Amino acid sequence: MQIDVVSEAEKLCPEGMPLAEWQLRVQLAACYRVFDQLGWTELVFNHITVRVPGAQPAFLINPFGLNYDEVTARNLVKIGHDGVPLEPTPHHVNRAGFVIHSAVHGARPDAHCVMHTHTTAGMAVACKQGGLGHDDFYGAELFGDVAYHDFEGVTVHDEEGPRLVASLADKRVMVLRNHGMLVTGSNVFNAFRWMWTLQRACEVQVAADSLGGPNLPLSDEVRRASARDAKAFEPREVLERMLFVSVLRRGHVSAAALV
């Protein structure tokens, strides 16, 4: 039997907490555990953020200074579009690190979850002039859905936000050149599915390019078919949550650990 610890933790909503926000808190805390298990960490840096529903713009972000496996539903920080906490919290927020996320959340209503990574394979691909290739199983699934943004230095200045948004346009994935990777999603599970696909594409590309001899290219027709079929996989919501929860089971993460 497949145990869904996310569903179990979602049932433990504290009194006075809106259920919709609590569910997002659980899902985001679980996502930090998933990233930790997969090695997609950068000490205490980088972020995964989600938008909290409501009239006032609000987002959940990891407490700055905690390791990914120390993030819980309760210690996540709710912040406004300016990165300032909306509620009392003993934790710090890396406001500079929210520059990318705030720009994307603000410009893309469909970007309910934003993920940013500095994995070795992702950064390696981001440093290549040709960017992400589309000649392997995973890279082909992302064909036509990848944007690029040129490196301007450490992303700490709000004025870069409009340029980031212009670079991303309507794409799901963005290669931050010389920097790392960014993925948007309709929810945590959806964003994770495509970040996993992107990470695998980067890993395969790095491995293939390390071998002697030319790579075998795919035609644009095959690439388009791969991307179309990957997006049409049904039932999508079930698949995305299944992938996510399977990682938690491998790490024996309990519902109690998430809250």
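The values are calculated or read from the model by the stated rules, or taken from the named source; none is laboratory data. Keep in mind it's a predicted model, so treat the numbers as computed, not measured. No Cβ is skipped: glycine too gets one built from the backbone with ideal geometry, and neighbour counts run over all protein chains shown. Surface accessibility is based on the protein's heavy atoms, side chains included, excluding ligands, DNA and RNA. Shrake-Rupley method; radii C 1.70, N 1.55, O 1.52, S 1.80 Å.
Between a first residue in region 61-75 that is closer than 19 Å to Leu19 by Cα and a second residue that is assigned to a strand (DSSP E or B) and at pLDDT 95 or above, which pairs have beta carbons less than 6 Å apart while being 6 or more apart in sequence or on different chains?
Ile61/Thr49; Ile61/Val77; Ile61/Ile79
Can you tell me which residue is most open to solvent (accessible area, probe 1.4 Å) among those in region 230-259 that are over 16 Å from Val188 (Cα atoms) and assigned to a helix (DSSP H, G or I)?
Ranking the candidates gives Arg250 first.
Suppose we filter Gly153, Gly130, Gly139 for residues that are at pLDDT 95 or above and open to solvent by less than 60 Å² (accessible area, probe 1.4 Å); which single one remains?
Going through Gly153, Gly130, Gly139 in turn, just one is at pLDDT 95 or above and open to solvent by less than 60 Å² (accessible area, probe 1.4 Å): Gly139.
Can you name every residue in region 29-52 that is buried (at least 17 other Cβ atoms within 10 Å of the Cβ) and within 20 Å of Ile100 (Cβ to Cβ)?
If the condition is that a residue be buried (at least 17 other Cβ atoms within 10 Å of the Cβ) and within 20 Å of Ile100 (Cβ to Cβ), then Cys31, Tyr32, Phe35, Trp40, Thr41, Asn46, His47, Ile48, Thr49, Val50, Arg51, Val52 are the ones that fit.
Within region 53-65, track down each residue that is at negative phi and open to solvent by 10 Å² or more (accessible area, probe 1.4 Å).
Pro53, Ala55, Gln56, Pro57, Phe64, listed by residue number.
Out of Ala201, Ala225, Ala207, report the one residue that is of a type in the set (Gly, Ala, Ser), surrounded by 15 or more Cβ atoms within 10 Å (Cβ to Cβ) and at pLDDT 95 or above.
Being of a type in the set (Gly, Ala, Ser), surrounded by 15 or more Cβ atoms within 10 Å (Cβ to Cβ) and at pLDDT 95 or above holds for just one of Ala201, Ala225, Ala207, which is Ala201.
Considering only residues that are without any contact (Cβ under 8 Å) to a residue 24 or more places away in the chain and assigned to a helix (DSSP H, G or I), which ones fall in region 161-193?
Result: Arg163, Ala166, Ser167.
Could you tell me how many of the residues in region 206-239 are over 23 Å from the mean Cα position of the chain (by Cα) and of a type in the set (Val, Ile, Thr)?
Result for region 206-239: 1.
Does Pro217 satisfy the condition of being more than 18 Å from Thr120 (Cα to Cα), touching a residue at least 40 places away in the same chain (Cβ under 8 Å) and either aromatic (Phe, Trp, Tyr) or out of contact with any helix residue (DSSP H, G or I) (no Cβ under 9 Å at 6 or more places or on another chain) (or both)?
The answer is yes for Pro217.
I want to confirm something. Restricting to region 7-28 and keeping residues that are aliphatic (A, V, I, L, M) and surrounded by fewer than 21 Cβ atoms within 10 Å (Cβ to Cβ), which single residue is farthest from Arg51 (Cα to Cα)?
Across region 7-28, the extreme among qualifying residues is Leu12.
Kindly provide the set of residues from region 1-39 that are assigned to a helix (DSSP H, G or I), among the small types (Gly, Ala, Ser) and in contact (Cβ under 8 Å) with a residue 40 or more places away in the chain, ordered by number.
Listed by number, the residues that qualify are Ala9, Ala29, Ala30.
Looking only at region 100-127, filter to residues that are touching a helix residue (DSSP H, G or I) at 6+ places or on another chain (Cβ under 6 Å) and open to solvent by 30 Å² or more (accessible area, probe 1.4 Å); which one of those is nearest to Ala58 (Cα to Cα)?
The extreme case among them is Ala107.
Being touching a Phe, Trp or Tyr at 6+ places or on another chain (Cβ under 9 Å) and touching a residue at least 60 places away in the same chain (Cβ under 8 Å) is true for just one of Ala255, Ala201. Which residue is that?
Ala201
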